[in-house]
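Here is the structure we will look at.
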Amino acid sequence: MIDRREPLLWLAKKAGKKGYIDHCTAARVAADGTVRAELSGPGSALMELDLLCTKDLALSLR
């Protein structure tokens with residue numbers, strides 16, 4: 001598996017969208033009830049950016 005987080009964060013910064021990445025996090029609740037913000041993973045802006053950047057590639061490989 002390739003970790004694309006760092007290149008995507010770089011791309012977001014260059015595109016002026018770093019604030020969106022920082023703002024749109026996903027909330028995760030642990031078994032003990034503590035809540036933490038997650039920058040990547042399902043429901044986050046970084047995950048959406050990853051999907052947008054790789055969607056065309058995936059479709060062209062079909």
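The values are calculated or read from the model by the stated rules, or taken from the named source; none is laboratory data. Predicted model only: the values in this text are computed from it and were never measured. Neighbour counts are summed over all protein chains in view; Cβ atoms, including those assigned to glycine, are modelled from backbone coordinates with ideal geometry. The area values use the complete protein model at the heavy-atom level, side chains included, leaving out ligands, DNA and RNA. Shrake-Rupley method; radii C 1.70, N 1.55, O 1.52, S 1.80 Å.
Here the chain is assigned +1 on the Cβ of each Lys and Arg and -1 on the Cβ of each Asp and Glu. Its dipole about the Cα centre then comes out at about 220 debye. Per residue, the chain exposes 81 Å² of solvent-accessible protein surface, assessed with a 1.4 angstrom probe and all protein chains in place.
Secondary-structure-derived ellipticity at 222 nm for the chain, considering helices only, amounts to -15500 deg cm²/dmol, per-run term -39500 (n - 2.57) for DSSP H runs with n ≥ 4. In the list (1) 14.8; (2) 12.8; (3) 14.0, the label attached to Kirkwood radius over Cα pairs in Å as derived from the coordinates here is (2). Note on the chain: with a GNM built from Cα contacts shorter than 10 Å, the maximum mean-square fluctuation among Gly16, Gly33, Gly41 falls on Gly33.
For the pair Asp32 and Leu52 in one chain, pulling the backbone fully straight at 0.36 nm per residue adds 3.8 nm over the alpha carbon distance.
If I take every Cα pair under 8 Å that is 6 or more residues apart in the range 8-48, average their sequence separation and divide by the length, what percent do I get for the relative contact order? Over the range 8-48, the number comes to 34 percent.
Here the accessible area is traced with a 1.4 Å probe on the protein chains. For the chain, carbon and sulfur cover 61 percent of it. Among Ala30, Ala45, Ala15, the largest mean-square fluctuation in a Gaussian network model of the chain, built with springs joining Cα atoms closer than 10 Å, belongs to Ala30.
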